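In what follows, a single structure is set out as C-alpha cells and then discussed.
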Amino acid sequence: MEVINNQESNISELIPVAVDNCAASTLEKKWQNIDNQESPNKFIQYVDEASKQDQIIAHTRYSTRQLMLEPGFKVMDVGCGAGKDLSRLESLVESHGEVYGIDISREMVECARARMSHLPNVEVFCGDASQLPVDSNTMDAIRCERLLQHVPSPDMVIAEMVRVTKNGGRIVITDVDWSSTTISIPKSIEKINRIILNDVVFNAHPTIGIQLKGRMKQNKSIDNIEIFAQCLYTDSLAQADELLWLGERGKMAVQQGLISEEDYNQWRETIEQLELDGNFVFTMNIFTVSGTINKK
Ligand SMILES: C[S@@+](CC[C@H](N)C(=O)[O-])C[C@H]1O[C@@H](n2cnc3c(N)ncnc32)[C@H](O)[C@@H]1O
C-alpha cells in the first residue's frame, strides 16, 4: 500500500509515529480515548460481546457483501477495534489481496494485530480516521462500523474514506441510532424513560445512524447509495445493561441533572420488575449505507 509522503508501502514503518500521535491525543470522550481509560480491556470485551449479537452479525454480513470484494482487492476497515471483521475481509480478497485495519486506540490495535498475526496480508495500524495516513485512490473498498457516532466530525471521516478509495470503489458504513431506543415500559415511568433514552448525551453523534444516508448523499463523490436498516433487540435486562448501556444511561441522566436519584430508582425498579415478569423488551435501530465512489 502507498502511504502519504510518497513513501513505499511498508505500513509497519508508520506505526511508531502514529502510536505516539495517539498517546498525545487529548480527546475527552471515552470511545475517542480508550487508551487513557481506567480499564481499556473493558472496551475490548464490549466489542467482542457486541460481535456475538445476531443482528450485528446480520448487519456485518450485509455490509461485507456490499463491499463487493474480489480476490486481489485492497480493503480497509476504519475504526476496526479488536479486528472482528478483518479475517472475513481477508477470506474474500484471498492471500494476494491486502486488508488494512486502522484504529485510534493502541490497545485495540495491539489486540487486533495479535489476533491477525497468522494472516500476513492483514496489517493493523494506529491512526485517526479523520486524517488517514494513506495516499489517495489506494483502496478498492472501505468500511467502518459503529465509528462515526464517536468521532468529532463524521463528514470529515466520510471525506477521508472517499479520498483514499479508488474511483469505482465501494464505501460501506454501519452505525446505530441511539434516539430510536424503546423499552416496553408502563405509562407511569414514560417521562423518566424518555429522558433517559432520548436526552442523555453520552457520545458525539447519537443519531448518526438515521443521518447516514443524508450525510453520504451530501458527499458528491458517492453514487448508487443504498440503505439497509434493522431493529436490534433484546429481552434480557442484563444484556441491555451490558451492550446498550441502559443502566449507565440512567446513572448519566442523574449526573447530568436531567432526573433525580428518586426518579432513577423508580425507573430502575420498574424495569427490573418487567424483567422478573418476563415482559422486558429493548429495541434500537441499526443502519448500513453503501455506495460507489465516483470522483467526477
Ligand atoms: C464501538 S467500537 C467499534 C469497533 C469495530 N468497528 C467493531 O465493529 O467491532 C469504535 C472504535 O472506533 C475507534 N475510534 C474512535 N475514534 C476514532 C478515530 N478518530 N479514528 C479511528 N478510530 C477511532 C475506537 O478506538 C473503537 O475501537
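Taken together, the values in this text are just the output of simple stated rules run on the coordinates, not laboratory data. Please read these numbers as outputs of a predicted model, since none were measured by experiment. Counting neighbours? That spans all protein chains shown, and the Cβs are built from the backbone with ideal geometry, glycine included.
What to note about this one:
- Per-residue ³J(HN,Hα) for the range 261-275, Karplus 6.51 cos²θ - 1.76 cosθ + 1.60, θ = phi - 60°, Hz, x for Gly and Pro: 4, 4, 4, 4, 4, 4, 5, 5, 4, 5, 6, 5, 5, 4, 5
- Gaussian network model of the chain, Cα within-10 Å springs - most flexible of GLY209, GLY81, GLY278: GLY278
- To the nearest ten degrees, helix 246-255 and the longest principal axis of the Cα atoms of the chain are 70 degrees apart.
- Per-residue ³J(HN,Hα) for the range 58-71, Karplus 6.51 cos²θ - 1.76 cosθ + 1.60, θ = phi - 60°, Hz, x for Gly and Pro: 4, 5, 5, 4, 4, 5, 5, 4, 5, 6, 6, 6, 10, x
- Length gained on full extension, LYS295 to GLN256: 9.6 nm, using 0.36 nm per residue less the C-alpha separation.
- Taken about its Cα centre, the chain carries a charge dipole of roughly 980 debye when the Cβ of each Lys and Arg holds +1 and the Cβ of each Asp and Glu holds -1.
- Of the residues ALA204, ILE227, SER188, the one whose Cα sits farthest toward the positive end of the charge dipole of the range 186-228, with +1 on the Cβ of Lys and Arg and -1 on the Cβ of Asp and Glu, is SER188.
- Between GLU272, GLU145, GLU98, the GNM of the chain built on Cα springs shorter than 10 angstrom shows GLU272 fluctuating the most.
- On Cα atoms only, tilt of 40-50 relative to the major axis of the chain in degrees: 80 degrees
- Cross-link partners for LYS220 among the lysines, with Cα-Cα distance under 27 Å and sequence neighbours closer than 8 places in the same chain left out: LYS74, LYS166, LYS295, LYS296.
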